[in-house]
Amino acid sequence: QWAAAGATANEWNTVQTQVWPGQTYNQVERFFTNGDFMQNNISVEGRSGRTNFHVSVSNLNQEGILQYESGFRRTNFRVNVDQAVLDNLTVQSSVLYSRSKQGREEGQLFDLTRMPAGVDLTAEDPFEPGEMVLTVNPTDNESPNPLYELRTVDRVGFRGRFLGATTVRYSPSEWLKVDANLSYDRSDIDNENFWPKGYRTPNPSTGYNDGRIYKYGSKTEGLNSSITASTTFHLTDQIRNNTSVRYLYEQEDFESFNTTGYEFAVGDVPTLNNTNSDNLSAGSYLETVRADGYFIITNFDMYDKYVLDALVRNDGSSLFGEDERRQWYYRLGGAWRI
């Protein structure tokens, strides 16, 4: 090893000047692998009478590039329908459902950076026949073999998503138009980490050696809606007025839970009731948000030269205290086209 002149050599200021003795391995090459990517799409669309429709299904499969990692899979289903109920009444609707599964490896890239070149990560452990070597760095007893982690620990996440929206447009006359829309969004997340019974660690661990399981789930629901009425009047040949009145409502509900248990009674049964009841812990969380608002906005265009604009709006949100929950807003503007 070499250090700067006059400096005391230590692990922070020295570099290797000699070839590593014996056989060496490309640890990065062994850690990563080639993964296939495949995506399929099928869609059908058409028109029948007053109806336009589109239906599609897509499937994505990405194996990933980490050894023993489950990769990413996703399936989407979508339906769009536009319906002209009457000449002055249309309805547009869309629905999307998505389901995905993804591996959730954590920390193995960091452990890879601490692996010496002269250690075979795939070798058999001399102290555990039939098992992959666990401690591979003689100078660091805290960093386990990252390939052992990838092969042994199962970390997987599932996600579901539903999106639905409907818009209705009604024009009863030339001077009046009404738009109403409603959208719903739901997201479900389920994550699970599983350490099997007999899981090995560089140092004894009561929380992991006899197996461990962690589960997390959450659900988020969002609802957005609004209705808007717009009028257009020609007060005179030279004065036009556009006025809109709108009401909107929004809500979001979130809930989650997490639970952990360790010390399995028997192996290969990844359930919470298979763990020691004294080693179970759980938590949960709830959050609800509500908001609404209404406004009126009017605009005058006079003689193609002068513009006058005014707005009055009131918004409310449950995120603020009772005394500050609702607020008024105003706007007044004008323009002169010289």
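Mind checking which aspartates and glutamates have their C-alpha under 15 Å from residue 305, skipping anything on the same chain fewer than 8 residues away?
237
Using modelled backbone amide H atoms (1.01 Å from N, in-plane), which distant-in-sequence or interchain residues come within less than 5 Å of residue 210's amide H?
Correct list: 198, 263.
For residue 219, list the aspartates and glutamates whose Cα falls under 20 Å from its own Cα; do not include residues on the same chain fewer than 8 positions away.
Partners within reach: 185, 188, 190, 192, 250, 252, 253, 255, 287.
Can you give the charge dipole size of the range 194-338 about its Cα centre, rounded to the nearest 20 debye, using +1 on the beta carbon of Lys and Arg and -1 on the beta carbon of Asp and Glu?
Values: 14 positive and 19 negative charges, 74 e Å.
My answer is approximately 360 debye.
For the range 1-121, which whole percent of the accessible surface, found with a 1.4 angstrom probe, sits on carbon and sulfur atoms? Could the numbers behind the result be given before it?
Values: 4410 of 8520 Å².
Ligands and nucleic acids excluded, carbon and sulfur reach 52 percent.
Give me the percent of the accessible area of the range 180-290 that comes from carbon and sulfur atoms, probe 1.4 Å, all protein chains in place.
Numbers: 3170 of 6190 Å².
Summing carbon and sulfur atoms, their accessible area is 51 percent of the total for the range 180-290.
Return the FRET efficiency for the residue pair residue 37, residue 220: r is the Cβ-Cβ distance, R0 is 30 Å, and the value is rounded to the nearest 0.05. Could you put the intermediate results ahead of the total?
Details: r = 29 Å, r/R0 = 0.97.
Working from the Cβ atoms, E equals 0.55.
Compute the length gained on full extension between residue 124 and residue 86: take 0.36 nm times their separation in residues and subtract their Cα-Cα distance, giving the result in nm to one decimal. Please report the intermediate quantities before stating the final value.
Details: separation 38, 0.36 × 38 = 13.68 nm, distance 7.44 nm.
So the extension gain works out to 6.2 nm.
What whole number of Å gives the distance from the Cα centroid of the range 173-236 to the Cα centroid of the range 94-122?
Going from one Cα centre to the other spans 24 Å.
Which one of 163, 225, 235 has its Cα pushed farthest toward the positive end of the charge dipole of the chain, where Lys and Arg give +1 and Asp and Glu give -1 at the Cβ?
The residue sitting most towards the positive pole is 235.
Could you name the lysines whose alpha carbon sits less than 21 Å from that of residue 215, not counting residues in the same chain fewer than 8 places away?
101, 197
What is the dipole size for the chain, taken about its Cα centre, with +1 at each Lys and Arg Cβ and -1 at each Asp and Glu Cβ, in debye to the nearest 20?
On the way: 31 positive and 45 negative charges, 295 e Å.
In total the dipole reaches around 1420 debye.
Find, among the trypsin sites (Lys or Arg not before Pro) in the range 6-94, those assigned to loop by DSSP (not H, G, I, E, B) with at most 15 other beta-carbon atoms within 10 angstrom.
Details: sites: 30, 47, 50, 73, 74, 78; in loops: 50.
For trypsin sites (Lys or Arg not before Pro) across the range 6-94 that sit outside H, G, I, E and B with at most 15 neighbouring Cβ atoms in 10 Å, the list reads 50.
Calculated from DSSP H runs of 4 or more alone, at -39500 (n - 2.57) each and per residue, what is the 222 nm mean residue ellipticity of the chain, nearest 500?
-1000 deg cm²/dmol
Which of 110, 245, 133 sits farthest toward the positive end of the charge dipole of the chain, with +1 on the Cβ of Lys and Arg and -1 on the Cβ of Asp and Glu?
Of the listed residues, the answer is 245.
Could you report the chain's accessible area per residue, 1.4 Å probe, as an integer in Å²?
In whole numbers, the chain has 64 Å² accessible per residue.
Among 301-308, 280-287, how do they line up from the highest to the lowest mean number of other beta-carbon atoms within 10 Å?
Most protected by this proxy first, the peptides run 301-308, 280-287.
Sorted by mean Cβ packing within 10 Å, highest first, what order do the peptides 176-186, 313-323, 207-217 take?
Details: 176-186: 15.6, 313-323: 11.9, 207-217: 18.5.
Per-residue Cβ counts within 10 Å, averaged per peptide and sorted highest first, yield 207-217, 176-186, 313-323.
Quick one, which of (i) 49, 33, 21; (ii) 31, 25, 23; (iii) 61, 27, 24 is the actual semi-axes √(5λ) of the Cα gyration tensor in Å calculated for this model?
Checked against the structure: label (iii).
Quick one: order 195, 175, 20 from most to least accessible surface, probe 1.4 Å.
Details: 195 25, 175 120, 20 95 Å².
The ordering from most to least exposed comes out as 175, 20, 195.
Report the calculated FRET efficiency for residue 335 and residue 182 (r = Cβ-Cβ distance, R0 = 30 Å), to the nearest 0.05.
Details: r = 35 Å, r/R0 = 1.18.
The pair residue 335/residue 182 has a calculated efficiency of 0.25.
The values are calculated or read from the model by the stated rules, or taken from the named source; none is laboratory data. Note that this is a predicted model, so its numbers are computed, not measured. Cβ: placed from backbone, ideal geometry, glycine included. Neighbour counts: every protein chain shown. Accessible surface areas use protein heavy atoms only, side chains included; no ligands, DNA or RNA. Shrake-Rupley method; radii C 1.70, N 1.55, O 1.52, S 1.80 Å.
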